[in-house]
Amino acid sequence: MSNVLHSEIVEAEGHLVDSQLLNAIFDRVIERGGQFEVLRFDIGRDNEAYSKLSLKVSAQSPKALVELLEVLMPLGCHSQPEREATLRQAEGSACVPDDFYSTTNHRTEIRLGDHWVEVKNQRMDAVIVVDGNQAHCLKLRDVTASDKVVCGVEGVRVSPNFQERDRLGFAFMMNDVSSERRVEVSVKKIIRMMEEIKANDGRIAFVAGPVVVHSGGGPHFAELIRRGFVDVLLAGNALAVHDAERALYGTSLGIDLDAGSAVEEGHKNHMRAINAINRAGGLRPAVDQGILKSGVMYETIRHGVDYVLAGSIRDDGPLPDTVMDLIVAQNLYAKALEGVKMVVMLSTMLHSIGVGNMLPSSVRVVCVDINPAVVTKLADRGSSQTAGIVTDVGLFLHQLRTQITDRQGQI
């Protein structure tokens, strides 16, 4: 192996120590078999000031150096001197050059001429397409042959969402997956975040699975909707079906939720619920006709909350409201999430991961699930801004409703 090293100078700026980015940068270099030399490190002198790092990184080959720069970029490192971004023509529909830049969920800028341009519609697992002096993220499937795509790592600058100094306690929540004994404390912090966001006219989205209904959390969730804390509801067909079953027959999957026991021939109730909603023409007509008089979907429609139901191969029915075209459903999810400042995910792994992929890292995410693997999987997939609460979702919603009622009183 050649002893000649290929080097590049990179810089990073931000709360590098608080966010543990400094150690992560050093670790990535060593893990990749590279070397680093700290040329300058200026630590922030007060609570708000950023730290600044200048680092020389080296690798055994040009290819290894490029790969090293690629893994350092999501940590906020960008090459010096500044160079213009490399643009190449797409090879065809949904087909780009092999060295295309694959986006993260962090705020990204590209250099066009002598200016840095912020990339719009930031999300992970996309490409950057340039149109004139503007740039935006685009799913690979939406690329056309005429698009100019950013390739390589030159002229790309990523700004991670730095860990805040315990603002509202959110940084503390993100340090690890919280256990059930901390639910009350965590809920208190979440309510403070929600109240702050709503006070600033921000939007809050909930991603919910049918366990919300099974666990007895439906009435508590409905109360959150009535109080104006839910601006967007993203879910699958099952949530709406079991919610309608609960509203029409008092059961969920044939179980009487008040008595906690199976109802004779109750297994038919979810199909009876689908039939009733189909006969009405959908959920909205069922509300308008007085057929659906309570529940999560009733309150969602009655209070004008935006909702999207995305279907899957396992769906019974499905309800007329459910979008069965997967690509259309993904696009509707992304549209509904525009401008959202906080997302609360309630016990639905696939929908939560799907939503996590669509969000910029500046959006606060809270994931609630009894299975810790679901909570940690979001962070593993790149949604590092996720705070996890491992608990029964019904208990969580009960705590959320109780504490909000205590703070705001009955309505």
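A short reminder: the numbers here are calculations on the coordinates, not readings from a lab. Predicted model, so just to flag it, every value in this text is computed and none were measured. Here the Cβ is made from the backbone with ideal geometry for all residues, glycine too, and neighbour counts use every protein chain on show.
Values as computed for the structure displayed
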{"item": "Three-way shape label, segment 1-81, alpha-carbon gyration tensor, a/c 1.5", "result": "prolate"}
{"item": "Simple spin-label estimate for residue 335 and residue 226 in nanometres, 7 Å along Cα-Cβ", "result": "3.1"}
{"item": "Phi-based couplings in Hz for segment 29-36 (Karplus 6.51, -1.76, 1.60; Gly and Pro marked x)", "result": "4, 5, 4, 8, x, x, 10, 9"}
{"item": "Amide hydrogen neighbours beyond the local backbone of residue 119, cut-off 5 Å, H modeled", "result": "108, 109, 110"}
{"item": "Cα-derived Rg to Rh of the chain, Kirkwood definition", "result": "1.03"}
{"item": "Mean ellipticity per residue at 222 nm, deg cm²/dmol - from DSSP H runs of n ≥ 4 across the chain, formula -39500 (n - 2.57)", "result": "-10000 deg cm²/dmol"}
{"item": "Residue 271/residue 327 FRET efficiency (R0 30 Å; Cβ-Cβ; nearest 0.05)", "result": "0.60"}
{"item": "Value of Rg to Rh for segment 110-155 (Rh from inverse mean 1/r over Cα pairs, i.e. Kirkwood)", "result": "0.93"}
{"item": "Longest to shortest principal axis, alpha-carbon extents of segment 167-408, angstrom", "result": "49, 39, 33"}
{"item": "Estimated inter-spin distance, residue 289 and residue 406, nm [label 7 Å along Cα→Cβ]", "result": "4.4"}
{"item": "Cα shape, segment 272-411, gyration tensor, a/c 1.5 rule", "result": "oblate"}
{"item": "Whole-Hz ³J(HN,Hα) from phi, Karplus 6.51 cos²θ - 1.76 cosθ + 1.60, for segment 52-67, glycine and proline x", "result": "10, 10, 10, 9, 9, 10, 9, 9, 6, 8, x, 5, 5, 5, 4, 5"}
{"item": "For residue 387, distant residues with modelled amide H under 5 Å away", "result": "365, 366, 367"}
{"item": "Long-range HN-HN contacts of residue 143 with modeled amide H, under 5 Å", "result": "94"}
{"item": "Approximate spin-label separation residue 380-residue 42, in nm, with each point projected 7 Å along Cα-to-Cβ", "result": "4.1"}
{"item": "FRET efficiency, residue 263 to residue 350 (Cβ-Cβ, R0 41 Å, nearest 0.05)", "result": "0.90"}
{"item": "Label-reachable residues, segment 120-158, where backbone N falls under 14 Å from a point 7 Å from residue 83's Cα toward its Cβ", "result": "151-157"}
{"item": "Mean Cβ count within 10 Å, highest first, over the residues of peptides 369-377, 68-76", "result": "68-76, 369-377"}
{"item": "Packing-based ranking, highest mean first, of 258-265, 355-362 given that Cβ atoms within 10 Å are counted", "result": "355-362, 258-265"}
{"item": "Calculated from backbone phi, Karplus (6.51, -1.76, 1.60) coupling profile of segment 132-149 in Hz, x at Gly/Pro", "result": "x, 9, 10, 9, 8, 7, 9, 4, 3, 5, 9, 6, 10, 5, 8, 6, 9, 10"}
{"item": "For the chain, share of DSSP beta bridges that run antiparallel, in % to the nearest 5", "result": "60"}
